1. Once you put a point 7 Å from the Cα of Gln249 and another 7 Å from the Cα of Thr309, both along the Cβ direction, what distance in nm separates them?
2. For the full complex of protein chains and a 1.4 angstrom probe, list Ser277, Ser384 by accessible area with the highest value first.
3. Kindly sort Glu112, Glu164, Glu498 by accessible area of their heavy atoms, largest first, with the probe set to 1.4 Å.
4. Can you give the accessible area of Lys300, probe radius 1.4 Å, in Å² rounded to 10?
5. Have a look at Ala111, Pro88, Val160 and report the one farthest towards the positive end of the charge dipole of the range 44-173, computed about the Cα centre with Cβ charges (Lys/Arg +1, Asp/Glu -1).
6. Provide the solvent-accessible area of His171, counting protein heavy atoms only and rolling a 1.4 Å probe, rounded to the nearest 10 Å².
7. Please list Glu299, Glu476 from largest to smallest accessible area, probe radius 1.4 Å, with all protein chains kept in place.
Amino acid sequence: MTPYARVIILSLLLPAAAFTQPPIVQASGVLNAASLLSTTAQGISPGMLLTIKGQLLAASAAVGTYENGALPVRLAGTQVTINGIAAPLLYVSQTQINLQVPLALQTGKDAEILVSTAAGSSSPVTVPAVARAFGVFTQDASGCGAGSVLNVHADGTLSVNSTENSFDPLHDAAMALFMNGLGRFADLQDGAPWQYNAGDNVASGGSSPVITPFYGTPGNQTNQALGVLYAGPAPGTVGVDQLNIAPLQPSQLFESCHVPLYVASDSGVFSQVVTVSVQDGGGSCARPTATSLGLVTWEKNSVVSASGTVSSDGIAVQFLGGQQVTFPTPVQVGIVNCCEAAPITPLNCQAAPPTALNAGTLAITGVTANAITIAPQVSAGQISYRATLPPGTLAGGSYGIAASGGPDVGAFSASASVPPAISITNPPSPGSALTLPYQLTWTGGDSNSVIDVQLRVSTSQGLFVLELAPRATAGELTIPASLGFPMSLIPVPHGRVELVVTQGTQRQEMAYFSAPGLSLGGEQLWSYVWDFQGLAY
């Protein structure tokens, strides 16, 4: 037999041999079919749609059709069980399965998912079984970007929301948003298209979802809850839920081609962030004028742990262009923030990220005797400038940056005066317990600096963060033993502790500069960061 013939025989035998192996589910490969986020942390709820990714999941691709009014539980030789209950199958292939979670799934405990074929069963995948697990469908089925939203007009007609067909908050009756994960409803049946029943509307229930978009201007956004007119199954579908929503104050709804929107419940369940187009009068949205700016950040980081102190000095430069590009908001003096980070938070899918601009080669002066040059670095199509500076060089003084000029940003030069770092006189000891209340003291610092102090406590319930920001000249700060407003309401929980102290720039003290090609100009920021890790409380 010739070697060529052996190759042909082996190539014919490989597929048959592959199907003698049991199916394989990818790590974190059980996904919310709407958001395409892993359900490992978020969990699954009865009646929702899932997507399973893996290999050898089915002998061939097949689409489920209704048999006796319901989807099959076995398709192309593949079956999926969740805690032993067979799941209705919408689609199977060698690498993907789309299915509905059985309505009989009991919540409040883990669910074991098995994929079975003629070759055997996959290793079990365990995910939490919860009452609700939100995800919003998107128009391109990517889980990010424009949501699957219909404009509901005053005459009852419907149209797809898009940048060319925006929601009109002054005249349209509502938006219909399609999602999954609202949970079990009384008259739903596994794998069967749902027929409208007014009794399934949960909008008036005490635990109904709260639909919250962000609206306002970048850097000054607030939340506004939308009114929920209907929350329940989507008629004629399997595993799809529908929310009919309307602004409570139409005149205040932020107009944009990409208004962020997510679904949240009062029990702390979140969907990912999607976008909708909103414009008074409907039609094409008003696209904001493109802007461009430069950001120069001088930063010294010191990480203090049981292994010792590791310090690094560096500079990062960005030139950004796009719609609604604005300068970041700095820490304000006197800020007091206290929050509990939910285990699942909305995924911020950026529909239109800024474009990175090219300013040619940069020269950094004032750090060493000779200028340090930084060439533009390209990664994943994005341009950035970053350099590690000699240790200890950022200690206060006058620093400069100059650009040779490139295709996007012309030549410019700019300087910044950076004050010296404060000296923390009673730093916490790595590996030790932090006793609250704790008074942090320091010397040095000028009236141009803000000290931002964050106490981060990691517990099994989530991440608790307490943030305070006095002026650097204050010289001391007391971290209280309680969280809340007023600060005496909730005791700080016990857990792993990290204390991050940042000496940064006040808004009025930022060094601004102008450059050809930057419509907003640029600004230089600086910060000294001390990160005390390995603490306990």
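1. 4.9
2. The ordering from most to least exposed comes out as Ser384, Ser277.
3. Values: Glu112 85, Glu164 115, Glu498 45 Å².
My answer, sorted largest first, is Glu164, Glu112, Glu498.
4. The accessible area of Lys300 comes to roughly 40 Å².
5. In the range 44-173, that residue is Ala111.
6. Only protein atoms counted, so the area is about 120 Å².
7. Values: Glu299 65, Glu476 100 Å².
My answer, sorted largest first, is Glu476, Glu299.
The values are calculated or read from the model by the stated rules, or taken from the named source; none is laboratory data. Keep in mind the model is a prediction, meaning the values are calculated, not measured. For neighbour counting, all protein chains shown are included, and Cβ atoms are generated from backbone atoms with ideal geometry for every residue, glycine included. Calculation scope for accessible area: heavy atoms of the full protein, side chains included, ligands and nucleic acids excluded. Shrake-Rupley method; radii C 1.70, N 1.55, O 1.52, S 1.80 Å.
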